[in-house]
Each structure stands twice: as C-alpha cells, then as structure tokens.
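No lab work stands behind these numbers, since they all come straight from the coordinates. Just so we're clear, the structure is a prediction, and the values are computed from it rather than from any experiment. When we count neighbours, we look across all protein chains shown, and the Cβ atoms used for this are built from the backbone with ideal geometry, even at glycine.
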Amino acid sequence: MKIVVKNYEWMKEIPPTPLSRPGPGSMGMTGRWRAERPVINYEKCKKCGMCWTYCPENAIVFSKDEGPRINYNYCKGCLVCVEECPYDAIKVEREVVEWEK
Amino acid sequence: MSAQRYPLEEYFYPGNASCPGCGATMALRWVLKALGKKSIMVVPACCTSVFMGLYPKSAIGIPVLNIAFAAAAAAASGIVAALKARGKDATVLVWAGDGGTVDIGIQALSGAAERQTDFIYICYDNEAYMNTGIQRSGATPYGAITTTTPILGKREHKKNMPRIMIAHDIPYVATATSGYPHDLFRKVKKAKEKRGATRYIHILAPCPPGWRFDSKLTVKISRLAVRTGMWVLYEVEDGKFRLTGPSKALLDPEKRLPVEEYLKLQGRFSHLTREDIEEIQRWVDRQWELISKMVSKE
Ligand SMILES: Cc1ncc(C[n+]2csc(CCOP(=O)(O)OP(=O)(O)O)c2C)c(N)n1
Ligand code: SF4
Ligand SMILES: [Mg+2]
C-alpha cells in the first residue's frame, strides 16, 4: 500500500493522524470464521424481521417486501437468528463450502 | 410487523472483528440507529476500539475518536467545547466498556457530569476487561470466574454504576440490555433529545467467550438477566424513576425467576456452591428493595 501524505491547511494545527474510512469488511471476509451456516426457509418465513433485529453483525439485510437475506460473506455463524426466529424458519447446516481466495 | 417500525439505515458495518454473538455489537448497532448520522463517537481502549477495525477501514459509519483508557469523558468534553466554539451542532456519544467506566474512567465522567457537559455517555457492560482477556472489574458480579479470580470467582458484588450517576442529578439515566433492543432504541432517542447536560445509559452486554456460553444464547441470557432480576430495566428522567419493559412486573419477588436460571447457562458460574447461589439471590433481593424504595418515592 502506498502512503500519500498531503499538506492540508488544517495540518498546520494537527499533525498527520491515521484516519480510517467506514465500510464493510474492516476485518475481511468474516464469513470464513463460520462453522455452521444459518439457512432461511422462505416458505416458513413471515418477514417479521426478528433475525434482522438481533443479528449482532448486521449481516442480515432486511427489506419490507422481500424479507431477510443473509450475507454469507460476513455472517460469522453465531446462530442468534436461529434461536430468535419465532417461526422456526431458520435451520442450521454444517459449513462445507470452500471459500475462494 | 415490528421490524418495519424501525429505521433500516445502518451505521454499523458487517465484517468487523467482534466475536460471533457479541452482545456489545448487538447493542451498538441499535444505539447508532437511534442516534443517526449527525453524531460523533468517542471510544476509550476496550473491545470496541479493536473490533471496529484498525486501518484503513472502520466498521462505524460516523466519526470516531479513539482515546486513552481513562480519558473518554474528558475527550468528549473537549469535542463538545470545540463544536460550540465553531457554532456546529452534533450529538456527542461516549461508548465505553465497564472497565473504562466504573473503574478507570469514573473520575473524568464524574467531573464532566458535575459540570453538566452536553454529551451522552453509554457504558456497555460485559462485566470484565474482555479485550485484554477477561480480568475482573468493578462491574464483575459475585462468583464469576475471570483470569484474575480464577478459582473461587470474584468475592465481591457488582458496583452499581447507574446509581452513582443518578446521584449526579443529571437529566437522564437509564439501564438497558442487548436482548431488548427496542427498549434500548427508545432510551437512546430520549437521551438524544435531552440536550444541555450529561445523559447516562448503562447496557448489560453478554459476552460469549468471557461469560462462557454458546454464541447463539446471547439474547436468551440477556433476557434471563432481566427476568431473574439480576439486571433491572429502568430510567430516571429529570429525577423521576420508572421501571421499564419486563422489569415493571418484577417488584413482586414471586414474579422473578430464581437466579439459578440465569447462572446455570454460563460457564463462569459453573463452579458455584449452593451458598454462593444463595448469596447472589440475597443480593438480587436487596437490589430490589432499593428499587422498590425508588418506585414508592414517586
Ligand atoms: C492505562 C491503560 N491501562 C491498560 C490498558 C490495557 N487495556 C486496553 S483495553 C482494556 C480492557 C477494557 O475493558 P473494558 O473497559 O471493560 O472494555 P471491554 O474490553 O470489556 O469491552 C485494558 C486493560 C490501556 N489501554 N490503558
Ligand atoms: S470479547 Fe466479548 S465483548 Fe469483546 S468482542 Fe468478544 S464477545 Fe464482544
Ligand atoms: Mg468490559
């Protein structure tokens, strides 16, 4: 990585400071940590959004029409969503997928 | 449906370094939803300063200042003063661990609260110094095994930080926990609106590796803490005390689940003797006697 130091006006007051920008994947593809995978059964799902409410990772995207969708790039497999789904619509599968590099 | 009443915008990004099932991130996500974009966050050394990411990316969608362990409230006071001097408006939030609040950060916080500094201070309480490998803190409960209380568990009870903050006569003090995010959301919104002085929220945040439980149980354990009375949900608004959520129904000891229901799911309590469990039950009942006095004052 190339580090560029620019001379902004405000730098006269503050010395160069490390600054991080917000975004997903600050720790990389955390989906690789997963030992078990939560899988939503959309026939049972009532789109109540409880899985989305409790996901500590914000790895479940929720839309009012389509309901929840799990982002497996980042889901760490804590399985809180499986426990909290009031309709038993999320089941657990052993993780067998080989992650691409 | 309940999810649809709450904002879908997210200021907490996935792919961060928190442990699977972390109760602190579960709460932080909802705190940031309630605060919205025009906010600045100050974080002292704690799990959050690590899991939000180091460089060049961060998991938090608002500006964050990472600061030395004891200095969170002092740094936030500086930001409040700078915003005022420049005529800008933003909510200033301190997000600190229990070690950074009830132990090392308490003097800066107490000073800032006494000066009625205009910020929200939130302590997420995972009941030990988790980031450095589970050392006991003032907020660790009686009996819990930590790496510095490795055999019998801690021999002293938990420090009651919210009551210390109530004694500062600030306009808003509340308690919350990760398993009731909507209660938390409402309290953060309320804290945001009460400008002009310090507001304090104390969140019990279960920690799977530190408390030794299966990551899928974070919400269950958080709720059991409330239903057994180990953790009490309340708010004190302009001096007026009010129980909230399921705690409202628990003034009657008969309604509270035995503490054992909460303790038995966690490895940090697995060594407890019958006497230890009775001691914790007595402590819970004593806490509730104090609560009932606060309720009856109204
Ligand atoms: C003055 C000082 N002492 C010790 C440390 C090491 N340290 C960094 S984070 C931490 C634990 C923080 O515990 P807590 O505030 O409860 O937050 P948690 O990690 O549990 O989220 C410690 C001891 C430090 N950074 N600065
Ligand atoms: S140690 Fe506990 S509080 Fe810290 S990131 Fe892990 S689960 Fe969260
Ligand atoms: Mg802690």
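Of the three principal axes defined by the Cα atoms of chain A, the extents in descending order read 60, 32, 20 Å. Of the beta bridges in chain B, as assigned by DSSP with both residues counted there, near 30 percent are antiparallel. With Rh defined as the Kirkwood radius, the inverse of the mean 1/r over Cα pairs, the Rg/Rh of segment B:1-100 is 0.98.
Arranged from fewest to most other beta-carbon atoms within 10 Å of their beta carbon, A:87, B:234, B:262 become A:87, B:234, B:262. With q set to 0.07, 0.11 Å⁻¹, the log10 of I(q)/I(0) for the protein assembly as shown, from the Debye formula over equal scatterers at the Cα positions, is -0.32, -0.81. Rounded to the nearest 10 degrees, the inclination of helix B:274-296 to the longest alpha-carbon principal axis of chain B is 50 degrees. When cysteine pairs in chain A are screened for C-beta atoms closer than 4.7 angstrom, the residues that find no partner are A:45, A:48, A:55, A:75, A:78, A:85. For chain B, the longest principal axis of the Cα atoms and the long axis of helix B:72-85 meet at an angle of about 30 degrees. Each part reduced to its alpha carbon centroid, segment A:39-101 and segment B:254-269 end up 28 Å apart. Label positions at residue B:270 and residue A:98, each projected 7 Å from the Cα along the C-beta direction, are separated by 3.6 nm.
Taking θ as phi - 60° and the Karplus parameters 6.51, -1.76 and 1.60, the scalar couplings of segment A:8-15 work out to 7, 4, 5, 6, 5, 8, 10, x Hz in sequence order, x denoting glycine and proline.
Relative contact order for segment A:30-100: 47 percent, from Cα pairs under 8 Å spaced at least 6 residues apart, divided by residue count. Highest GNM mean-square fluctuation among B:70, B:249, B:174, for chain B modelled with Cα contacts below 10 Å: B:249.
With both labels modelled 7 Å from their Cα along Cα-to-Cβ, the residue B:167 to residue A:2 distance reads 5.9 nm.
What FRET efficiency comes out for residue A:36 versus residue B:193 if R0 is 56 angstrom and r is the Cβ-Cβ distance? Round to the nearest 0.05.
Efficiency, from the Cβ-Cβ distance: 0.85.
Taking every pair of distinct Cα atoms and averaging 1/r, then inverting, what Kirkwood hydrodynamic radius in Å comes out for segment B:9-296? Value: 19.0 Å, from the Cα pair sum. Against the main long axis of the alpha-carbon atoms of chain B, helix B:218-227 sits at an angle near 70°.
Taking 20 Å as the straight-line reach from the Cα of residue B:293, the aspartates and glutamates in range (excluding those fewer than 8 positions away in the same chain) are B:169, B:235, B:237, B:238, B:252, B:254, B:285.
Counted residue by residue at 0.36 nm each, then reduced by the alpha carbon distance between them, the extension gain from residue B:157 to residue B:82 reaches 23.1 nm. Net charge in the neighbourhood of residue B:187 (other residues with Cβ under 12 Å of its Cβ; Lys, Arg +1, Asp, Glu -1) is +3.
Of all DSSP beta bridges confined to the protein assembly as shown, the antiparallel ones make up roughly 40%.
How high is the relative contact order of chain B, given as a whole-number percent (alpha carbon pairs under 8 Å, six or more residues apart)?
Details: 581 pairs, mean separation 49.1, N = 298.
RCO, chain B: 16 percent.
For the pair residue B:10 and residue A:66, a Förster radius of 25 Å applied to the C-beta separation gives a FRET efficiency near 0.90, rounded to the nearest 0.05.
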